[in-house]
Amino acid sequence: MTATALQPIVHPAVEGGFELEVTSRHMQTESIVSITFSDPSRTTLPSYVPGSHLVVQYGDAVNVDSVAGANAYSLTGSGSAPSEYTISVLLVEDGAGGSLAMHRLAVGDHVWVSRPRSAFAPAATARHHLLIAAGIGITPVLSHARYAAEWGTAASMIYVYRRGEGAHAAEVKELLGPALTECHDRDSFLKVLTERLTTQKLGTHLYVCGPVAFMDSVLGKARDLGWPEGLLHSEVFSAGELDAGEPFAVNLARSGIRLEVPAGISLLETLEKAGKSIPNMCRKGICGECTLPVLRGTPQHRDLYLSEKEKAENTTMMCCVSRSLDEELELDL
Ligand code: FES
């Protein structure tokens, strides 16, 4: 009798991806673990640009024979011909289970991952990169700092964290030296932020990652001080960190229906309520299942699936998390 090899169940978010092995793990802080993955045969992994993320599948046993979901995590390396991928994960006690699964990973475990995707790359035309991170938001900007140190591009960073809880703090210090400013309270951060936002030379791009309220306040301050939208970049981790958004309307061109999408309700939920069956899986903007074609209007892309180029084209959107910058969108539905 011939034995049949069990086929792993692959989450749609990691289709086209590959299997990796955990080769090391260590605690950055009491609640943040760094995990390093390598190819099981130790071959070089696909390169990635700074600010890229990896979708990691997790299951009950976090192994290839079960699947519960998939989460996106920022890659903290520089991404050039990497022999390994490293992510750092904050344990979210009341989360959906993804961070707990990552924290339970041990050396030798195997996981399925997507190819790295970028939605937060450094702007090629920037003359200086101003990096701003709070807490676990350090992970995507760390790869920017590493890239700047390796390639000699101009970068500085403001890193806000509670004393004793700064993941990767020593590493960033080594990479950026005096270009790193660490803040441990709101007042000192606001002072430094205002000073930096008002003294940057022309051509500086700003990159921010952290809790939503933190990012909103940084971006709001920059806008108030006259920073154009094209110089502002932010990275969100998942729909769980997204705000309720503004209400908007959608015209469904083929069905001839107009629907109102209230604040706090996703476009996907609105379409489902109207009897539309939209394929979906993660409902967190990472798997790409719920993509919809856009005919008119500008989506507010809040997903982690589309690349920056695809987002700029505005011809598709992930209806589980993305909304509209215009009062109305027209969809090919
Ligand atoms: S359901 Fe996964 S991206 Fe929308």
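Any residue in region 280-295 that is in the same structural domain as residue 322 (by TED's automatic domain parsing) sitting within a Cβ distance under 7 Å of a residue that is among the basic types (Lys, Arg) and assigned to a loop (DSSP other than H, G, I, E, B)? List the pairs, counting only those 6 or more apart or interchain. So the pair list comes out as 285/302. Scan region 296-309 for residues that are farther than 16 Å from residue 331 by Cβ and away from the ligand (no atom under 12 Å from the Cβ) and the total you get is 3. Just one residue in the set 293, 279 is modelled with pLDDT of 95 or more, within 16 Å of the ligand (Cβ to nearest atom), outside any helix (DSSP H, G or I) and surrounded by fewer than 19 Cβ atoms within 10 Å (Cβ to Cβ); that residue is 293. Between 222, 253, 249, the distinction of being more than 16 Å from the ligand (Cβ to nearest atom), in contact with a helix residue (DSSP H, G or I) (Cβ under 8 Å, 6 or more places away or on another chain), of a type in the set (A, V, I, L, M) and modelled with pLDDT of 95 or more belongs to 222 only.
Cβ separations smaller than 7 Å between residues 6+ apart or across chains give the following pairs from region 310-321 residues that are within 16 Å of the ligand (Cβ to nearest atom) to residues that are part of a helix (DSSP H, G or I): 316/310; 319/267; 319/268; 319/271; 320/239; 320/268; 321/239.
The values are calculated or read from the model by the stated rules, or taken from the named source; none is laboratory data. On a predicted model such as this, the values are computed, not experimentally measured, just so you know. Every residue, glycine among them, receives a Cβ derived from its backbone with ideal geometry; neighbour counts consider all protein chains shown.
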